[in-house]
Every structure is written in structure tokens, then in C-alpha cells.
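K.L.:
Structure below; questions to follow.
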Amino acid sequence: MSEKITRIALWVLFFSFIAVGTAAAQTISLNVQDQPTGSATARIFNIILMITVLSIAPSILVMMTSFTRIIVVFSITRSALATNSTPPNMVLISLALFLTMFIMAPTFEKVWDEGIKPMYEEKLEITEGLEKAAAPMKEFMVRNTREKDLLLFTDLAKEKPAESIEATPLKVAIPAFMISELRRAFEIGFLIFIPFLVIDMVIASILMSMGMMMLPPTVLALPFKVIFFVLVDGWYMLAGSLVQSFK
């Protein structure tokens, strides 16, 4: 794995898309006493900006990446299996993070090459660097957002419909992307639920025909659900389908 992909992996794992990559690229000195006034001011501003990004990094992960769709689908799958807390939340979140890293790697590489790296090499001003860094994220979100959702938030923001991805404001792209992700996650979850619901109905019918009313169908159906999920190689199919569902 290249050095850039390694940086990208660290961003996702530690919820800091920008700050960790920066730390890997260069050493940031916190000593501003011996710096010229302008340089000291810029250094302080960079430190404040880095701390701000770190504080909102979890929200960025949820709002602007594939994480939302993946973790919702995993949660629905666990509910369909009726395994309560198995797999545990930590396992599902970790798997969702690694799949997010895999899906978002090309986008993160563009963010680093086009915005973050030139900005911290002082080839770009901070404002211009952040705009260029946001462009690949915006492109990813708009590609995976329904036009209907984009138009909804464009109307709510009282903006004119954007003629291109670059012209789409983030305040429109982010909420539209999030509700599109939730819709797709629920669509996938519905399809996952159907076979397990059929198993529940079959088991319940058998128990009723045998007069075993007091035995909960979910208890007897659980091993059949688990073995069915294993036989169809459920995690393989689920992970592959989720990755391929993104454009």
C-alpha cells in the first residue's frame, strides 16, 4: 500500500481526514514566540483550524462518506437475524470503517493531492486549499445523491438549480446526500429482511399446526436464520453489494 493510502487509512480509523494526513506529512511546531508576527498568526490559525477539524471529524465521517449507508444496513441485518447484540456494535462499526476506507480511498487521495498537500506546502492559500479539498468530496456526494433530493434542498435554500457539480453548494449537497443514503440503506434493508421474515412465518406456521403456542417462533427460527445466512455466504454478498452500490 502506498504512503498516500496509508495516510488515508489513518484518517478514517482515527476520525481525522485532514489532521492525521497533515501530521504524517510534516512536523507542526507549537512554538510561536520566535516567529515573525505574520508567520506566528498564520501558525496559530493553522493550529486552531486543525483542532476544529479534529473536533468535527466524526460528523464529517457520518455526513460526507459511505459510512451512513453501510452501518445502517449492518444494523438492519442484525435486526433481521434477531441476534440481539451479535455481532457487537464495535465489530459492526469497525467493519463499516474499513469498508468506508476502501470505498472512499480514491476520493481521499484526490483530497490530499489537490487540496491538503498543496495547502501545507504553502503552494495554495488556506481558503483556496480547503475549496479544492472539498471538491472531490462534493463530487462523490452528488454522484451518489438522487436528483430529487438535490432539488428539494435547492428549493429550501432558495438557490437556483446548479448546472454542474462544482456549482452545487455544500449546504445543499450534504443534507441531500444524507437522506439519499438513508433511503438506499432502508431499501437494501428491506430486501435483506424478506428471506428472514419468510423463515419466521414458516416456523410460526409449523408451531401453530403442532399446537405449540407457548414456544416463541423467534427462538426456534434463530438457528435456521443463522445457518441460512452462512450457507448463502451473507457477509461476502453484503460487503460486495455495498461496495458496488456506490458510483
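Derivation of every value follows stated rules applied to the coordinates shown; laboratory data play no part. Remember, predicted model here, so these are calculated numbers, not experimental data. Backbone-built Cβ (ideal geometry, glycine too); neighbour counts: all protein chains shown.
K.L.:
What is the packing order of peptides 67-79, 98-110, taking the mean over residues of other C-beta atoms within 10 Å and listing the highest first?
P.N.:
Averaged packing, sorted descending, gives the order 67-79, 98-110.
K.L.:
Arranged from highest to lowest average of other beta-carbon atoms within 10 Å per residue, in what order do the peptides 183-193, 167-177 appear?
P.N.:
Output ranking for 183-193, 167-177: 167-177, 183-193.
K.L.:
Continuing with the same structure: Calculated FRET efficiency, ALA239 and GLU125, Cβ-Cβ r, R0 45 Å, to nearest 0.05?
P.N.:
The calculated FRET efficiency here is 0.65.
K.L.:
Could I ask something else about it? Taking the Cβ of each residue in LEU156, LEU207 as the centre, tally the other Cβ atoms inside 10 Å and list the residues starting with the fewest.
P.N.:
Final ranking by Cβ density, sparse to dense: LEU156, LEU207.
K.L.:
Could I have the simple spin-label model distance between VAL91 and MET210, label points 7 Å from Cα toward Cβ, reported in nm to one decimal?
P.N.:
Rounded to a tenth, the inter-label distance reads 2.8 nm.
K.L.:
Moving on to the next point. Under a point spin-label approximation (7 Å from Cα along Cα-to-Cβ), what is the GLU139-LEU156 distance to one decimal in nm?
P.N.:
Result for the modelled spin labels: 2.7 nm.
K.L.:
Can you tell me the convex hull volume per residue for the range 144-247, based on C-alpha atoms, in Å³ to the nearest whole number?
P.N.:
Enclosed volume per residue, from the Cα hull, is 128 Å³.
K.L.:
Find out how many positive minus negative residues lie around PHE193, taking Lys and Arg as positive, Asp and Glu as negative, among other residues whose Cβ is under 14 Å from that of PHE193.
P.N.:
0
K.L.:
Show me 129-139, 55-65 ranked by packing, highest mean number of other Cβ atoms within 10 Å first.
P.N.:
Highest-to-lowest ranking by the protection proxy: 129-139, 55-65.
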